[in-house]
Amino acid sequence: MPFSVRCLDCRYTAPYSPVATQCPRCNSQWREAEYDYETIAKILPSLLPRRPFDLWRYRELLPVRNPIPHLSLGEGGTPLIRAVNLGMMLGTPHLYIKDERQGPTASFKDRQAVITIAALKEAGINEIVVASTGNVAIAYSAYAARAGIKLWAFVTSLVPAVKMREIALYGSQVVKVTASYDQAKLLAAEFARQRGLYFDLGARAITSIESMKTIAFEISEQLTALVGPPARDDGLRLRAPDWYIQAISGGMGPMGVYKGFYELKGMGWIDRMPALAPIQAEGCAPMVNSWKKGLEEAEPVLTPRTHIETLATGNPGRAYTILRNQVKATGGVFESVSDEETYRAMHVLAKMEGISAEPAAAVAFAGLFKLVRAGIIKSDDVIVVNCTGHTMPTEPFVLGENWARSVVLPSRSEEKPQEGLLAALTNIAPERFRSIVIVDDSADSRRLIRRILQSQGDFRILETPDGQSGLALIQQELPDLIILDLMMPEMDGFAVLDHLKANPETAQIPVIVASAKELTPDEKSKLAGRIQSLMQKGDFLNDEFLEEVRSLIK
């Protein structure tokens, strides 16, 4: 399928060549690919059902004329996972995670690498230079090795050593630069210029943006399968989310995803553009800071101050201006989060959804939490968060101290093995934990509350699905704390409270009320002086809940 590239500055259109990195008329490096969308819109629907669900199913919309079958490592086609627990915690039931950890090298950069390497191989390029904060160099190294291309990877000295070793494992030449990422890029570009080698331009490269738009194509197909097509009869085929959230460094990911949704809308396959929410680490957030100041050009951050080095691009250049216009056009927003918020999001994501993400990916989830709490994202919005990469061996400061417990078994000469084991287990889990009774008719809510409590400490947790059995359990166990739902059939939470307060044995047990609905002033007055805290379901992510539990069970 023929395609061309159009200059974003002078609008000149020229044939595509991966080695031609500038507009032949004005020398601008900012160009984009254009395809025969009218023809593709007609032929692609009949082709897709017969193709595997991977990146290459959209080959007519990619800048590779003759894909190389043996180059593929299974990139693309990553799952879209419904985040049931996180959605319940946040009060956003339509929350989905695009799990890019499941790519060949465990990050979304696999898409960029395979398209770029395929295009370069097609053009006869056998040696290239990249600058990277980790994931780009790893992905490029894997595909360069497969294609027989020599790769020079310039990385900053702050990149985790485990990532540097993986880059070297593929046979790439690692050049460690003791400087900022922006300085490493300049050094890599000069190295490539002097040797006459291809230098990867990141967001300015046609292949980079084109590869990332496949994320949008996949999300739309997957949402349609999970949620259903739009409720319209005008021939629309796919569903787009209301929000797309991704952590960014230079901004390439959301820029490409925007182009993907834009092409789908232009072909009449979706009826909306999702609002974009690019999230940055607070210690290096030039785009966010410039957005909040209303600037059209980014103010560089000269000295990044974040432990999340893979997002430490201090000078995004024109990428900010382009992405700013896209965010503005979609009704989206830029946001930043602290390192502490990011590490907490890592914990929450792993404990609630079983997904272990690297800090650079967790930034997006911390941003999600912030936007939901601020009321920017609404409870009925369909949200997709890109989990861009898997965690590497976790740095000590992420977990802090006391993240594991030690068990020392006495030797056989000291006592019987069975007795020693029992003694050791007693040290970890005393026979009686601080006890909590959960009374809630929603199994999902009980599971969520239990999961939160279990992630925070050793509690003896009992639960029951209705007020009558809950009251009996409380009177039998006399727990240290009660978490009580108000809206239950037959005996509701108010009636349970009445019985508890009338019984001297249970009258002083602290109660946290969890309610799924906004209470009326009259209902709130009925609770006054009788409970320790009122928590809205959907606010369980708030630190107040766990702090309330800790204070009440001391």
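Scanning segment 92-132 for residues that are among the charged types (D, E, K, R), under 16 Å from residue 364 (Cβ atoms) and in a strand (DSSP E or B) yields 98, 99. Do we find a residue being among the small types (Gly, Ala, Ser), outside any helix (DSSP H, G or I) and under 28 Å from residue 23 (Cα atoms) anywhere in segment 178-191? No, segment 178-191 contains no residue that is among the small types (Gly, Ala, Ser), outside any helix (DSSP H, G or I) and under 28 Å from residue 23 (Cα atoms).
With respect to the conditions (1) touching a strand residue (DSSP E or B) at 6+ places or on another chain (Cβ under 8 Å); (2) in the same structural domain as residue 274 (by TED's automatic domain parsing); (3) among the basic types (Lys, Arg), residue 213 falls short on a single one, namely (1). Go through the residues of segment 387-394 one by one and say whether even a single one is surrounded by fewer than 24 Cβ atoms within 10 Å (Cβ to Cβ) and among the polar types (S, T, N, Q). Looking through segment 387-394, at least one residue is surrounded by fewer than 24 Cβ atoms within 10 Å (Cβ to Cβ) and among the polar types (S, T, N, Q). Here residue 109 meets each of (1) within 19 Å of residue 313 (Cα to Cα); (2) basic (Lys, Arg); (3) surrounded by fewer than 24 Cβ atoms within 10 Å (Cβ to Cβ) with one exception, condition (3). Taken residue by residue, segment 282-301 has at least one member that is over 20 Å from residue 184 (Cα atoms), of a type outside the set (D, E, K, R), at pLDDT 95 or above and part of a loop (DSSP other than H, G, I, E, B).
Counting only residues that are surrounded by fewer than 22 Cβ atoms within 10 Å (Cβ to Cβ) and assigned to a helix (DSSP H, G or I), segment 224-262 holds 6 of them. Of all residues in segment 194-209, exactly one satisfies the criterion of being without any contact (Cβ under 8 Å) to a residue 24 or more places away in the chain and either among the small types (Gly, Ala, Ser) or closer than 27 Å to residue 258 by Cα (or both), namely 196.
Considering 40, 117, the condition of being within 29 Å of residue 166 (Cα to Cα), among the aliphatic types (A, V, I, L, M), at pLDDT 95 or above and outside the structural domain of residue 213 (by TED's automatic domain parsing) is satisfied by 117 alone.
Taking segment 55-95 as the range and being surrounded by fewer than 18 Cβ atoms within 10 Å (Cβ to Cβ), at pLDDT 95 or above and under 20 Å from residue 41 (Cα atoms) as the test, the residues that pass are 59, 60. Of the helices (runs of 4 or more DSSP H) entirely within segment 304-385, those holding at least 2 residues that are in contact with a Pro (Cβ under 8 Å, 6 or more places away or on another chain), in the same structural domain as residue 224 (by TED's automatic domain parsing) and not charged (D, E, K, R) occupy 318-330, 339-353.
The values are calculated or read from the model by the stated rules, or taken from the named source; none is laboratory data. Just so you know, these numbers come straight off a predicted model, no measurement behind them. For neighbour counting, all protein chains shown are included, and Cβ atoms are generated from backbone atoms with ideal geometry for every residue, glycine included.
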